[in-house]
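The values are calculated or read from the model by the stated rules, or taken from the named source; none is laboratory data. Since the model is a prediction, treat every value here as computed from it, not as a measurement. Neighbour counts run over all protein chains shown; Cβ positions are idealised from the backbone, glycine included. Note: accessible area is taken over every heavy atom of the protein model, side chains too, but ligands, DNA and RNA are not part of it. Shrake-Rupley method; radii C 1.70, N 1.55, O 1.52, S 1.80 Å.
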Amino acid sequence: MERYDKAAPPEIRQNDGSLTSTLRTLLFFTALMIILPIGLYFSSKAFVFEGTLGMSNRDSYFYAAIVAVVTVHVVLALFVYVAWNEGSRQWREGKQD
């Protein structure tokens, strides 16, 4: 594999780094998309709505689901923002070459 990297033209090595960066970003936001809504759903249900506010079990399910849905939208918006900036940065770097 080292031999391939040394023999590859700079364009291929640059694309390989770009692909690695893109996959890293995708995996990061995938983990956020799984962990954050589920974690906030259960923690807000137990600690905020039932514990602090004293809501019933049925009401706390409803409001915790709203918190999870808002969290999903925030994570998606952050992903779009990061992907947009990463793509425009790569486009500018490619244009200057």
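Against the numbered list (1) in a helix (DSSP H, G or I); (2) surrounded by fewer than 12 Cβ atoms within 10 Å (Cβ to Cβ), Gly54 comes up short only at (1).
Inside the range 14-47, can you point out the residues that are open to solvent by 70 Å² or more (accessible area, probe 1.4 Å), within 23 Å of Ala77 (Cβ to Cβ) and more than 17 Å from the chain's Cα centre (by Cα)? The answer is Phe42, and nothing else. Condition test on Glu86, is it of a type in the set (D, E, K, R) and either at pLDDT 95 or above or out of contact with any helix residue (DSSP H, G or I) (no Cβ under 8 Å at 6 or more places or on another chain) (or both)? Considered against the rule, which asks whether it is of a type in the set (D, E, K, R) and either at pLDDT 95 or above or out of contact with any helix residue (DSSP H, G or I) (no Cβ under 8 Å at 6 or more places or on another chain) (or both), Glu86 comes out as no. Answer yes if at least one residue in the range 65-77 is over 18 Å from the mean Cα position of the chain (by Cα), modelled with pLDDT of 90 or more and not aromatic (Phe, Trp, Tyr), and no otherwise. Yes; the residues of the range 65-77 include at least one that is over 18 Å from the mean Cα position of the chain (by Cα), modelled with pLDDT of 90 or more and not aromatic (Phe, Trp, Tyr). Within the range 57-86, being open to solvent by 80 Å² or more (accessible area, probe 1.4 Å), of a type in the set (A, V, I, L, M, F, W, C) and either in contact with a Ser or Thr (Cβ under 8 Å, 6 or more places away or on another chain) or over 25 Å from Leu27 (Cα atoms) (or both) holds for one residue alone: Phe62.
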